[in-house]
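Since the structure comes first, as structure tokens, the remarks are kept for the end.
Just so it is clear, none of the values below were taken in a lab; they were calculated from the coordinates. Bear in mind that the values here come from a model prediction, so they are computed numbers and not experimental data. As a convention, Cβ positions derive from the backbone with ideal geometry for all residues, glycine included, and neighbour counts pool all protein chains shown.
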Amino acid sequence: MKNWNAFWSLCMIAVPLAGLFGCGGGSTTNNSDTTPIDAVSPVHKVPDAPTGVSVVGGTNKATLSWNAANGATSYNIYWSTAPEVTTTTGTRIASAGTSYIQRGMLPAVTYHYIVTAQNSSGESSPSVQASAVTALTDGSIPYTTFCAGCHGKLATSSVTDTSETEIRAAMRNMSAMYSLSLTDSQIAAISAALMYNN
Ligand code: HEC
């Protein structure tokens, strides 16, 4: 674009000065000069704002999804416990696909989200806000009480992505775990907290 403009400017100066022909097909009254320039310029445009943002609260997590936005190469999530979250007030999670699971969240808290679409030209305007409450159950508490001593902190546990069935099997089969006595709801909450990838 820049070079073309420079070319045309030079040409328009050169014609009256030297009596040259050949600018824009030889006519000095040609007012379609800009047409081929626009036609060959690649279109750089920020993506459309994401639509259909939905969020579901779970045990110590929230699961988000939204529709793919026209022109997007990735997405940014902004979240806050204060309503009417903006790209300024929200905490940013960059480079997401069209879904995301946020982990390690507090129980029974409402989280608010907006999503923007990103490409090399920039960031879209934000989506409509979506909100969800996490479950009342806090799996991190029984995990810390009963499991962390041997398997490490929840965030870096050596037994992540463990189902209830797998926990029960370990309690039967691992002698170190024979003495554990847990209720069904404690096992369910611990498993939910450990399900990092589900
Ligand atoms: C006193 C120590 C101790 C405690 C407490 C403990 N574990 Fe374990 N656990 C072990 C040992 C030792 C193993 C066998 C080696 C391993 O896989 O780390 C094991 C194995 C496991 C396994 C099987 C891993 C596999 O690869 O098959 C699971 C699942 C598990 N534990 C979950 C838990 C959960 C959930 C809790 C809390 C409710 C817990 N454990 C509490 C010591 C413990």
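Rg of the Cα atoms in the stretch 77-198, relative to 2.2 N^0.38 Å, amounts to 1.33. Averaging 1/r across all pairs of distinct Cα atoms in the stretch 54-133 and inverting the result yields a Kirkwood radius of 12.6 Å. Kirkwood radius and radius of gyration were both taken over the C-alpha atoms of the stretch 140-194, and their ratio Rg/Rh is 0.90. With a Förster radius of 30 Å applied to the beta-carbon distance between Leu106 and Thr73, the computed FRET efficiency rounds to 0.40.
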